[in-house]
1. Give the residues of segment 256-285 that are out of contact with any Cys (no Cβ under 7 Å at 6 or more places or on another chain) and within 13 Å of the ligand (Cβ to nearest atom), sorted by residue number.
2. Name the residues in segment 148-167 that are surrounded by fewer than 21 Cβ atoms within 10 Å (Cβ to Cβ) and either at pLDDT 95 or above or in contact with a Phe, Trp or Tyr (Cβ under 6 Å, 6 or more places away or on another chain) (or both), would you?
3. Among the residues of segment 106-117, what is the count of those that are within 16 Å of the ligand (Cβ to nearest atom) and over 11 Å from ASN76 (Cβ atoms)?
4. Can you name the number of the only condition in (1) closer than 23 Å to GLY217 by Cα; (2) surrounded by fewer than 21 Cβ atoms within 10 Å (Cβ to Cβ) that LYS6 fails?
5. Take LYS206 and decide whether it is farther than 20 Å from GLU100 by Cα, at pLDDT 95 or above, crowded, with 19+ Cβ neighbours inside 10 Å and under 21 Å from the mean Cα position of the chain (by Cα).
6. Looking only at residues that are in contact with a helix residue (DSSP H, G or I) (Cβ under 9 Å, 6 or more places away or on another chain) and of a type outside the set (Gly, Ala, Ser) in segment 1-12, which one is farthest from the ligand (Cβ to nearest atom)?
7. What are the residue pairs meeting all of these: first residue in segment 53-67, first residue over 12 Å from GLN287 (Cβ atoms), second residue away from the ligand (no atom under 16 Å from the Cβ) and among the acidic types (Asp, Glu), Cβ atoms under 6 Å, and 6 or more apart or on different chains?
8. Just need a number here: residues in segment 324-345 that are crowded, with 19+ Cβ neighbours inside 10 Å and either farther than 20 Å from PHE26 by Cα or touching a Ser or Thr at 6+ places or on another chain (Cβ under 7 Å) (or both).
Amino acid sequence: MKGIEKRKADHIQVSLEEDVSSGHNFWDDLHLVHDSLPEVDLEEIDTATVLFGKKLSAPLMITAITGGYAEAEKVNRNLAKACAALGIALGVGSQRAAMERGDRSSYEVIRDVGVPLVVGNLGAPQLIPQAHKEAFGVEQARQAMEMVGADIMAVHLNYLQEAAQPEGDTRARGCLDAIKALAREIPCIAKETGAGISRETALRLKGTGVVGFDISGTSGTSFSKVEAYRSRQMKNARREAIGRTFGEWGIPAPISVRMAQVGLPLIASGGIANGLQAAKSIATGAQCAGMARAVLRDAMISAEAAEERIRTIIEELRVAMFLTGSSNVQQLAGKRVIFTGLAREWGLELGVI
Ligand SMILES: Cc1cc2nc3c(=O)[nH]c(=O)nc-3n(C[C@H](O)[C@H](O)[C@H](O)COP(=O)(O)O)c2cc1C
């Protein structure tokens, strides 16, 4: 394996084998208030919701992980089967590999499996010319959507990762216009990859015509740390140092959920690994909770293992709804959230809590 294929395989391997989590999970600073008299039966609780016009059985999405090399096909197939069985949303990893090298099969496996909401994925850096690389345009984005049967395209913002990556694409000038050109033609969301979206950036992005955000904030997978491990393997000491220095960089996920409230649907992700954290994200202001690394290990094993993991998360979400007296997602969204510790300090400083 070499090039982009090797990079994709490395991301999975490093994510599974090394400690690449943020040092602090800010969701743990948030608390829901217990209701000792819920006045609703646990089984009666309705976790269903509608996101981008699609009905989901729970406000959950497995966000972009992989694609573009042999093993990715298994991961995507397992995730697609699990998400279809459970009625939740699924995103694929960056489709750049398919666009550059025609390697489509690891993405196509998620088509026609019955996933209620499918999200394609292209990087914002690929929408503008990079050194020795041409930009992807509307036509390639349409092909990428068609490849996975996508309802919506996620344009990922990953400049922290690109800056820490030995082979990173670090040209950023012109991205906003490129996103605007794309969002005029196809429904797009802007998606971070672990460093969060600020209010100012959310407002600028709203101006491009994107229909929503996945804020992917700091709390979970740190791509700066992932790239530091890869740089070490590649004996690139300078990039390794940069990756480590910026390992905790970013806007805490729950704070970004509050900052990016600009009137568009919002997916909260970054460090969400159980149903209680998902419930907190809904009460904080998100319409859906997103997860990547929490399901990766099971997705490598089988569709059944992935389904079991996600089923547990849905049950935990239901219990959190029960214990806050929320009969449905709308009621959960109206519940009070207590911010403590570091999240509180961030929230007060930025005036978002
Ligand atoms: C192995 C791995 C590969 C990823 N690849 C992509 C990608 O290709 N495109 C993208 O937008 N996000 C990608 N992500 C980022 C996730 O979608 C998510 O935003 C981030 O990992 C934070 O969520 P988590 O803490 O639940 O992992 C990847 C994450 C992991 C763990």
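1. So the first thing to find is which residues in segment 256-285 are out of contact with any Cys (no Cβ under 7 Å at 6 or more places or on another chain), and the list is 256-266, 268-285.
Answer for segment 256-285, where residues must be out of contact with any Cys (no Cβ under 7 Å at 6 or more places or on another chain) and within 13 Å of the ligand (Cβ to nearest atom): SER256, ALA268, SER269, GLY270, GLY271, ILE272, ALA273, ASN274, GLN277, ALA278, SER281.
2. Residues of segment 148-167 that are surrounded by fewer than 21 Cβ atoms within 10 Å (Cβ to Cβ), as a first pass: 149, 151, 159, 163, 166-167.
Scanning segment 148-167 gives GLY149, ASP151, TYR159, ALA163.
3. So the count comes out to 1.
4. (1)
5. On the way: farther than 20 Å from GLU100 by Cα: yes; at pLDDT 95 or above: yes; crowded, with 19+ Cβ neighbours inside 10 Å: no; under 21 Å from the mean Cα position of the chain (by Cα): yes.
So LYS206 fails the test.
6. Just the residues of segment 1-12 that are in contact with a helix residue (DSSP H, G or I) (Cβ under 9 Å, 6 or more places away or on another chain), to begin with: 1, 3-5, 7-12.
Checking which are of a type outside the set (Gly, Ala, Ser) leaves us with 1, 4-5, 7-8, 10-12.
Values: MET1: 15, ILE4: 11, GLU5: 13, ARG7: 10, LYS8: 8, ASP10: 9, HIS11: 4, ILE12: 5 Å.
Result: MET1.
7. Once the first residue is over 12 Å from GLN287 (Cβ atoms) and sits in segment 53-67, no partner that is away from the ligand (no atom under 16 Å from the Cβ) and among the acidic types (Asp, Glu) comes close enough.
8. If we filter segment 324-345 for residues that are crowded, with 19+ Cβ neighbours inside 10 Å, which is where we start, we get 324, 326, 329, 332, 335, 337, 339, 343.
Cutting the leftovers down to either farther than 20 Å from PHE26 by Cα or touching a Ser or Thr at 6+ places or on another chain (Cβ under 7 Å) (or both) gives us 324, 326, 329, 332, 335, 337.
So the answer is 6.
The values are calculated or read from the model by the stated rules, or taken from the named source; none is laboratory data. Remember, predicted model here, so these are calculated numbers, not experimental data. Cβ: placed from backbone, ideal geometry, glycine included. Neighbour counts: every protein chain shown.
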